[in-house]
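Here's the structure, in structure tokens; my notes come after.
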Protein chains: 2
Amino acid sequence: MPTATVLANRASTAWAINTESHVQAEATDGFAPLRQIGTVASFARNETIFNEGDAAEFSYKVVTGAVRLCKMLPDGRRQIANFFLPGDFFALGEDSEYSFTAEAVGDTTVVCYARKRIQGLCDELPGVRKELVSRLYRDLSAAQNHLVMLGRQTAKERVASFLLLLAKRHSATDGAMIDLPMGRQDIADYLGLTIETVCRALSDLKHCKLITTPNTHQAVLHDIEALHDICESEL
Amino acid sequence: MPTATVLANRASTAWAINTESHVQAEATDGFAPLRQIGTVASFARNETIFNEGDAAEFSYKVVTGAVRLCKMLPDGRRQIANFFLPGDFFALGEDSEYSFTAEAVGDTTVVCYARKRIQGLCDELPGVRKELVSRLYRDLSAAQNHLVMLGRQTAKERVASFLLLLAKRHSATDGAMIDLPMGRQDIADYLGLTIETVCRALSDLKHCKLITTPNTHQAVLHDIEALHDICESEL
DNA sequence: CGGATGGTTGATGCGTTTCAACAGAGGTGG
DNA sequence: CCACCTCTGTTGAAACGCATCAACCATCCG
């Protein structure tokens, strides 16, 4: 299902197809010139942004909401490779087809950039090129750390690591509240666990007074230090 | 342990510190200009090429042998993020410190490239730049597929996937022999399993007549199709 | 030949998954 | 506005897959 499908999908919920202009400038963002070539699109909760195998014409930036990048196995098992939050770029690759599926976690708006035009900007502007390479490194690094988590950490360690990852994004300190835009099933599929195991691990952390969860989409981290300890050697 | 240590390590086994000139030109390699700036180094089996946390001054290419990229957890658990075989580049990042450790799997020779000089070539030569970005994408893509394996595949599926990965590198067809330069423990740490589980999965595959192992460092794949089936839905 | 290293196989235990029941939040319609 | 329904999250009990522990085997090398 190439381009046509993607565009059809998008059209169904994408209302404001306009040049991206309203977004505030981000301090030292080498991608600033992309502002000129982006178009905005919106997706409803759980809607597909692109499917594995679709012709890859666009790269994206999250404006609001959250996106999950995932792969389905034929029998229904799912692995989420990454979550993207506002400000994150995704699908920056150069393959002719997407190798993963991207879906909106909640109602989400993104900016779409035609890859050809990104390519053009890269050739002209060293700043854009460097920013792209730098973001690629970060993605690679994130994926490699994710590998360690999936390969060698226990369930409790993975959940603690996940909370700390989010905390780092929020620059959260002890006592800070962090948002969990994704549901428990999404967390499970990111951590390579089942939803029940994620729940149990969270309950454990609650009983240890390390976190509290005012509601299912927020968490308060009371002892980041202790969470770190859990990640590095099971207690 | 910054530079000094790395160089000390290298000096212990690196004899031929010469400009890389003998290596045959690889057809359409955008990295050809790197030939001018590389120096050769050799490492004995299990020797460290660089440690996590070392100052990252060099990027590398494998000439002969194999390299594992891994991370140790404080309690001794180890995860291997990737293996690099002859022709592969590694440590192409731009962080000031390596975030993983690289070790020689067997006796190995590599070419070292000062990152500064790679950077210089990237700025001058679009071909080098594009090759670098392209290799980064491939690494990212490999890591993401690895994630699916660790997060959602069973032991048998992982081992079959691993064999197929190697087969793809060899462009192997049915009946072809593939090399396993790494030991069982390395395979286990790559797949997020124990050495015993890897052995058992291999034995299973042998009993199913899908593979034979003339010795521990080689395997013959008799039915690649069937191995694919195992990866995608447990039989 | 003898010890060391790496690999294989078997028996048991544990952590996670699976299956099942229930609880809470959110949305819809009477 | 409340009853009802659905969807998501939580908790418990049982089953299963992989890890652990242990013994044994093969190969290499002094």
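Within the range A:109-127, restricting attention to residues that are part of a strand (DSSP E or B) and β-branched (Val, Ile, Thr), which residue is farthest from the other protein chains (Cβ to nearest Cβ)? Here the residue is A:Thr109. Of everything in the range A:56-78 that is more than 12 Å from chain B (Cβ to nearest Cβ) and basic (Lys, Arg), the residue that is farthest from A:Ile118 (Cα to Cα) is A:Arg68. When you go through (1) touching a residue at least 40 places away in the same chain (Cβ under 8 Å); (2) surrounded by 16 or more Cβ atoms within 10 Å (Cβ to Cβ); (3) in contact with a strand residue (DSSP E or B) (Cβ under 8 Å, 6 or more places away or on another chain) one by one for B:Leu147, which number turns out not to apply? Only one criterion in (1) touching a residue at least 40 places away in the same chain (Cβ under 8 Å); (2) surrounded by 16 or more Cβ atoms within 10 Å (Cβ to Cβ); (3) in contact with a strand residue (DSSP E or B) (Cβ under 8 Å, 6 or more places away or on another chain) is unmet by B:Leu147, namely (1). Look at (1) at pLDDT 95 or above; (2) hydrophobic (A, V, I, L, M, F, W, C); (3) over 30 Å from B:Asp229 (Cβ atoms) and you find that A:Ala27 fails only one, number (1).
So that you can scan it fast, the table gives a plain yes or no per residue for (1) away from chain A (no Cβ under 13 Å); (2) touching an Asp or Glu at 6+ places or on another chain (Cβ under 7 Å); (3) surrounded by 20 or more Cβ atoms within 10 Å (Cβ to Cβ); (4) among the aromatic types (Phe, Trp, Tyr):
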position: B:Ile80; (1), (2), (3), (4): no, yes, yes, no
position: B:Ala102; (1), (2), (3), (4): no, no, yes, no
position: B:Asp107; (1), (2), (3), (4): yes, no, no, no
position: B:Gln153; (1), (2), (3), (4): no, no, yes, no
position: B:Glu157; (1), (2), (3), (4): no, yes, yes, no
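Residues in the range B:146-174 that are among the charged types (D, E, K, R) and within 12 Å of DNA strand D (Cβ to nearest atom): B:Arg152, B:Lys156, B:Glu157, B:Arg158. Those residues that are under 18 Å from B:Ala172 (Cβ atoms) and either within 8 Å of DNA strand D (Cβ to nearest atom) or within 23 Å of the chain's Cα centre (by Cα) (or both), I need them from the range B:196-213; list them, please. Passing the criteria: B:Leu202, B:Ile211, B:Thr213. Each residue in the range A:150-165 was checked for being touching a residue at least 40 places away in the same chain (Cβ under 8 Å) and either farther than 24 Å from B:Leu150 by Cα or away from DNA strand C (no atom under 12 Å from the Cβ) (or both), and 3 of them qualify.
Look at the range A:211-235: where a residue is over 12 Å from A:Ala176 (Cα atoms) and away from chain B (no Cβ under 14 Å) and a partner is surrounded by 13 or more Cβ atoms within 10 Å (Cβ to Cβ) and of a type in the set (S, T, N, Q), sitting 6+ places away or on another chain with Cβ atoms under 9 Å, you get A:Leu227/A:Ser161. For A:Ser134, the conditions (1) at the interface with chain B (Cβ under 9 Å from one of its Cβ atoms); (2) away from DNA strand C (no atom under 12 Å from the Cβ); (3) over 22 Å from A:Leu85 (Cα atoms) are fulfilled apart from (3).
What tally of residues in the range A:195-210 results from selecting those that are touching a residue at least 12 places away in the same chain (Cβ under 8 Å) and within 14 Å of DNA strand C (Cβ to nearest atom)? Looking only at that region, the number is 8.
Conditions (1) in contact with a Leu (Cβ under 6 Å, 6 or more places away or on another chain); (2) among the small types (Gly, Ala, Ser); (3) under 16 Å from B:Val148 (Cα atoms); (4) more than 8 Å from DNA strand C (Cβ to nearest atom), marked per residue:
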{"position": "A:His170", "(1), (2), (3), (4)": "no, no, no, yes"}
{"position": "A:Ile178", "(1), (2), (3), (4)": "yes, no, no, yes"}
{"position": "A:Met182", "(1), (2), (3), (4)": "no, no, no, yes"}
{"position": "A:Ala188", "(1), (2), (3), (4)": "no, yes, yes, no"}
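Any idea which of A:His222, A:His170, A:His207 is within 28 Å of A:Phe100 (Cβ to Cβ) and not charged (D, E, K, R)?
After ruling out the rest, the residue left standing is A:His170.
The values are calculated or read from the model by the stated rules, or taken from the named source; none is laboratory data. Remember, predicted model here, so these are calculated numbers, not experimental data. No Cβ is skipped: glycine too gets one built from the backbone with ideal geometry, and neighbour counts run over all protein chains shown.
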